[in-house]
Amino acid sequence: MNPNKVLWEKGDFTKIASTMRDSGEELVASLGVKKGMKVLDLGCGDGNTAIPFARTGADIIGVDIAQNLVDAGNERARKEGLGNIRFFEGDAADLNGQKDGEFDLTFSIFGAMFASNPFKVANEMVRVTKKGGKIIMGNWIPNDPTLVAQILKISSAYTPPPPEGFISPMTWGVEKNVIERFGAAGIPEEKISFERALFIFRAPYSPKEYVSVFKNFYGPTMNAFDAAAKNDKSDELQKELEDLFNKHNTSASTDKTEITAAYLKVTVQC
Ligand SMILES: C[S@@+](CC[C@H](N)C(=O)[O-])C[C@H]1O[C@@H](n2cnc3c(N)ncnc32)[C@H](O)[C@@H]1O
């Protein structure tokens, strides 16, 4: 089975996504999507951005490799009575169900960056986007001092080295890689722009509990804890993450967590 599918179906990302709703909604509101537009949300999870897109009246397709998240997204859409959105299981590197030039906007926030073949991902995003349409990606930035880059960095230090040939998802957070990947898909550099943007995580519980949520439900951190347990290092990992979450928490209340993380926002004019 696709290792990405195994990784993301292992946990339950809805538990993290529920702490990402405010920034997901704000990001969608900033993009000016309108009724009648066709939008593809890749690595959409349970619809953190896909559901706000659907509320604009646009036609939305959400694609995610994890069937549990596809099911959760469809259930959220059903509960809201949104008939203009469908979630499908699929791989961002192989969008065989989607026609060429179908979408006004191809969007992926912290999603397509995790697919295993970045050049195929760029190629597929360009292929399915209309001429004159846009691609927008949000990618975590390697070695950035803020939350998610640090969680992934700490987690990988406890996990066995990846197989040979593995390309880290974090490479999508480096401008020259983005230019190279979209360049290979036929997009000239001047049509690609970058911005360091911010995303806020808000959890209605303490940083310590938030670490437990990552430990129990976020695939990469679950794998890190599994590996750490084998080496008797679970307490060390727990402490590193609690220190990180406490350091970045800006909530005034002890039973709430609010943490801002930076990401690379990529805009491609097709
Ligand atoms: C960090 S989550 C972000 C989810 C969502 N975009 C959000 O903002 O809540 C990463 C998502 O990418 C999905 N994913 C990972 N590899 C993928 C691939 N090859 N194709 C499609 N989705 C993928 C995972 O299943 C997961 O839902």
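Yes or no, residue by residue, for (1) without any contact (Cβ under 8 Å) to a residue 12 or more places away in the chain; (2) out of contact with any helix residue (DSSP H, G or I) (no Cβ under 9 Å at 6 or more places or on another chain):
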site	(1), (2)
F114	no, no
K131	no, yes
N139	no, no
K153	yes, no
T159	no, no
P162	yes, no
R181	no, no
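Give the residue, chosen from K131, K99, K153, that is closer than 21 Å to T267 by Cβ and of a type in the set (K, R). K131 is the lone residue from the list that is closer than 21 Å to T267 by Cβ and of a type in the set (K, R).
Each row is one residue, and each column tells you yes or no for (1) touching a Ser or Thr at 6+ places or on another chain (Cβ under 6 Å); (2) part of a helix (DSSP H, G or I).
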{"position": "A157", "(1), (2)": "no, yes"}
{"position": "P162", "(1), (2)": "no, no"}
{"position": "W172", "(1), (2)": "no, yes"}
{"position": "K176", "(1), (2)": "no, yes"}
{"position": "G186", "(1), (2)": "no, no"}
{"position": "S193", "(1), (2)": "yes, no"}
{"position": "L198", "(1), (2)": "yes, no"}
{"position": "Y205", "(1), (2)": "no, no"}
{"position": "T221", "(1), (2)": "yes, yes"}
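Taken over the range 84-109, the criterion of being aliphatic (A, V, I, L, M) and within 22 Å of F182 (Cβ to Cβ) is satisfied by A92, A93, L95, L105, I109.
Summed over the range 6-58, the residues that are assigned to a helix (DSSP H, G or I), out of contact with any Gly (no Cβ under 7 Å at 6 or more places or on another chain), more than 8 Å from the ligand (Cβ to nearest atom) and closer than 19 Å to S212 by Cα give a count of 2.
Among the residues of the range 148-164, those that are closer than 16 Å to L237 by Cβ and not β-branched (V, I, T) comprise Q150, L152, K153, S155, S156, A157, Y158, P160. Total residues in the range 242-270 satisfying the condition of being touching a Phe, Trp or Tyr at 6+ places or on another chain (Cβ under 7 Å) and crowded, with 21+ Cβ neighbours inside 10 Å: the figure is 8.
F166 fulfils the conditions (1) closer than 16 Å to P220 by Cβ; (2) within 14 Å of the ligand (Cβ to nearest atom); (3) out of contact with any Pro (no Cβ under 7 Å at 6 or more places or on another chain); (4) not in a loop (DSSP other than H, G, I, E, B) except for a single criterion, (4). Looking across the range 219-235, the residues that are over 23 Å from the mean Cα position of the chain (by Cα) and free of Cβ contacts under 8 Å to residues at least 24 places away in the same chain come down to A229, K230, D232, S234, D235.
Considering only residues that are assigned to a helix (DSSP H, G or I) and farther than 20 Å from V28 by Cβ, which ones fall in the range 59-103?
Selection gives Q67, N68, D71.
Readers should treat all values here as calculations from the given coordinates under stated rules, not as data from a laboratory. This is a predicted model, so every value here is computed, not measured. A quick note on method: Cβ atoms are made from the backbone with ideal geometry, for glycine too, and the neighbour counts reach across all protein chains shown.
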